[in-house]
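Before any comments, here is the structure.
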Amino acid sequence: MTSADIVSLLAGLAGGLAFFLYGMNVMSAGLEKMAGGKLETMMQKVTSNYWLSLLLGAGITIAVQSSSAMTVMLVGLVNSGIMTFGSTFGLIMGSNVGTTLTSWLLSLAGVDSGSNPILLLLKPIVFAPFLALIGAALRMFSKKEKHHDIGAILIGFTILIVGMDLMSNAVGIVEEKGGLEVFLTMFSNPILTLLISTVFTGIIQSSAATIGIVQALALSGAITYEMAIPLVLGANIGTCVTALIATLGTEKNAKRVAAIHTSVNVIGTIFFMIGLIVVNIVAPSFATTKATMFAVALIHTIFNMSIAVLLSPFKKPIVRLAELIVRDKKGEQKVRTVFLDERLLATPTLAVSECKRLAVEMGELTRTAIFSAIESVARYDAEKAAEVRELEGQIDRYEDKLGTYLVKLSGVDLTDADSHEVGRLLHSIGDFERISDHAVNIVDTAQEIHDKKIAFSDEARSELSRMTAAIVEIMDYTAEAFTKNDIETAAQVEPLEQVIDVMKSTYKERHITRLQEGRCTIELGFVFNDLITNYERVSDHCSNIAVSTIQRNAPKQDAHKYLRNLKNDENGVYAQMYSVCEKKYLENL
C-alpha cells in the first residue's frame, strides 16, 4: 500500500465517519422529538417485569436511534432518584437489542440488484436522496413542527447513508489496488482486534458508526468472520464509555447503571470470544470465510439477543456485581441531594415530563399545607402547625430547584408543546409557593387565636365556615386542572375566585359594622381580617394557575385579555358558572 493509498483510505474513512456521526445526530434529535415523553415515562411502570422492560428498552432505543442516549438517560433518572439502579437491568438489555436496527438498515447496501430496478431501490444510497428531497420540502414549505421533525429525520438518515457510502468507496478503491491487505494485518489477532474496536468506539462514542465501518469493509469483501466478530464485540464494549463519562459527578447508584451496562457486555464478549477460539479449532475454514454486510448485522443481533436471553436469570448476581464494582464506603451515609439531573436535559421531552411530575407533587404538598392550616383555625394542634411550616420549607425547595432547572430547560431545543409546558410550570410553581406562604400565615393566626383564647361570634364563625368551604373547593379545582391539564375544570376556577372576592369585601363591611356596634373588638377584627385576606389571596393564586393551564392549550392567549373576554362572554357560559357559585356561597349572605 502506497502512502497515497493510505491518505486516500484515511480521508475517505474520516469524511465518511464525520457524515455518519452528524447524520446519526440529526436523525436521533428528530426521532426523539417525534417519540415524545410517553415511552420514557413508561420506564418507571414496567421495571418489575424483565421482558416488558427489555421490549420497552428496545423500543425507546429504536425511537431515538442511540443506545448511548438511552443509557445516559437511565443514569440521569437513577441519579435523580426517579428509578433504582437495579430496575434498569431489563431496559439496558433492551437498549442493546434496539441498537441493532441501524446495522440492518445499512446492510441493505449489500443487496445484489443486478439490472433489476426494484432491487436497486432497496439500496439506501439509491432511495435515500429521494427521502432527503421529501425532508427538505417538509422543512421548507410546511409550518407544522411535526413535519419539520420528520424532515430532519429523513435528511439525517440520508447524510448517514452518504457517510456510509464514502467509507465503502474509500475501502473499495484501495481494495481494487490490492493495497488493503497491509492495512488489515492489524486485525489478524482477535484479541488485538477486539481492543482496537473497543478503543475506537470509545473515542467516537458510537457503536453504530463502528459497525458501519465494519460493514463498509465487509461490502468490499475485505474482512473474514475471524475479524468481523471481534470488531463487533469491541463496538459493544466501547459504547459503554459514553455511560461511564455520564456518571462523572453522580452518586454511586448512577455509577452502578454504567457498571451493569459494561458488565453484561464484557461477560457476553468473553463467552463469544471463547466460542470464536473453539470455532477456529473445530472449523477453521469458517473463520477465514469472507463476512458480508448481512453477516455483520446478524453477528451484532445474535450477540445482543443472546446476552439478553442467557443473562436474564442472572439479574441479581449482576446487580450485586455492580455493587461490588462501585462500593459504598464504610460508615458512609446515603444522603439524597439530587433533585433533577442535568443529564436529562439531553432528552428534553423526558426532562419536561419529570418536571411536570415534580410540579404535581409540589401542588399536592401545597394543597395538604393549606388544608391543614385551615383545620388549625377551628382546632389548633401544635404538631399540625409544625407540619405546615415544614411543608412550606419543602415547597420552597421545590420552587427553587425546579425553577432553576426549568430555566435551564427553556434554553434547550424544545418542541412547541414542551416549550408551552415549561412556561406553564414556571408560572405555576411560583403560585404554589405563595399559597404555602399563606398557609403559614393562617397557621400563625390560628396559633394567636389559640394562645389568646379568642372566640369569634356566631356570625363571624358562619362567615369563616362559608369562605373556608369556597377555598377548599377552589383548591380542589385548581389541583385537578393542573394535574390533568384540564381546561374545563380550570374554567370553573375564575367564577369561584370572583365570588370569593365578593365574600371578602362583604365580610369586611360586616366586620366594620360589628365594630361600630360594639359587637366585636379591634383585636378580633385584626385576626378576622388576616384570615379572610389570606383566604382571598390563596384564591388569586389559584386563578393564576388555572389561567396558566388554559394558556398552555391556547398559548397565544394573553392572560389579562383572556380574563376580560371571559367576563364579557357573549354566550353567557361564565355568567352561568358565576351564578352557580353565587347561589352556593352568596345566597342569604
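The values are calculated or read from the model by the stated rules, or taken from the named source; none is laboratory data. Treat the numbers as computed from the prediction; the structure is a model and nothing was measured. As a convention, Cβ positions derive from the backbone with ideal geometry for all residues, glycine included, and neighbour counts pool all protein chains shown. Heads up: the accessible areas ignore ligands, DNA and RNA and are worked out on the full protein's heavy atoms, side chains in. Shrake-Rupley method; radii C 1.70, N 1.55, O 1.52, S 1.80 Å.
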Taking a straight Cα-to-Cα line shorter than 16 Å from Lys123, and setting aside same-chain aspartates and glutamates fewer than 8 residues away, one finds Asp112, Asp165
Expected vector for the stretch 250-263, Karplus 3J(HN,Hα) from phi with 6.51, -1.76, 1.60 and θ = phi - 60°, integer Hz, x for Gly and Pro, equals 9, 6, 5, 4, 5, 5, 5, 4, 5, 5, 5, 4, 5, 4
The aspartates and glutamates whose Cα lies under 19 Å from the Cα of Lys508, excluding any fewer than 8 residues away in the same chain, are Asp458, Glu459, Glu463, Glu497, Glu517, Glu523, Asp530, Glu536, Asp540, Glu582, Glu587
HN-Hα couplings for the stretch 234-245 via Karplus (6.51, -1.76, 1.60; θ = phi - 60°), in whole Hz with x for Gly/Pro, come out as x, 4, 5, 6, x, 5, 5, 4, 4, 5, 5, 5
For the chain, the per residue accessible area (1.4 Å probe, Å²) is 46
By accessible area (1.4 Å), largest first, Arg357, Arg552 order as Arg357, Arg552
Quick calc, Lys316 & Asn189: beta-carbon distance into FRET formula, R0 35 Å, rounding 0.05, result 0.45
Set Lys452/Lys504; Lys329/Lys356; Lys45/Lys408; Lys144/Lys408; Lys255/Lys401, cut-off 30 Å on Cα-Cα distance; pairs above it are Lys329/Lys356
Expressed as a percent, the accessible surface of the chain that is carbon or sulfur, using a 1.4 Å probe and the full set of protein chains, is 61
Taking a ≥ b ≥ c as the square roots of the eigenvalues of the Cα gyration tensor, with a/c under 1.5 meaning rounded and otherwise prolate when a/b exceeds b/c and oblate if not, the stretch 407-479 is oblate
Quick note, the stretch 195-318: a/c under 1.5 would make it rounded; otherwise a/b > b/c is prolate and the rest oblate (a ≥ b ≥ c, C-alpha gyration tensor); here it is oblate
Per the helix-only model, the chain has a calculated mean residue ellipticity at 222 nm (DSSP H runs of ≥4, -39500 (n - 2.57) each, divided over all residues, rounded to the nearest 500) of -26500 deg cm²/dmol
Which residues qualify? For Met83, with a placed amide H closer than 5 Å and at least 5 residues away or on another chain, they are Val78
Burial-style ranking of 528-535, 433-440, 512-519, 269-276, average other-beta-carbon count within 10 Å with highest first, yields 433-440, 528-535, 269-276, 512-519
Applied in sequence order to the stretch 457-466, the curve 6.51 cos²θ - 1.76 cosθ + 1.60 (Karplus, θ = phi - 60°) yields integer Hz couplings, x standing for Gly and Pro, of 5, 4, 5, 5, 5, 5, 5, 5, 4, 5
For Thr239, the residues 5 or more places away or on another chain with a placed amide H closer than 5 Å to its own amide H are none
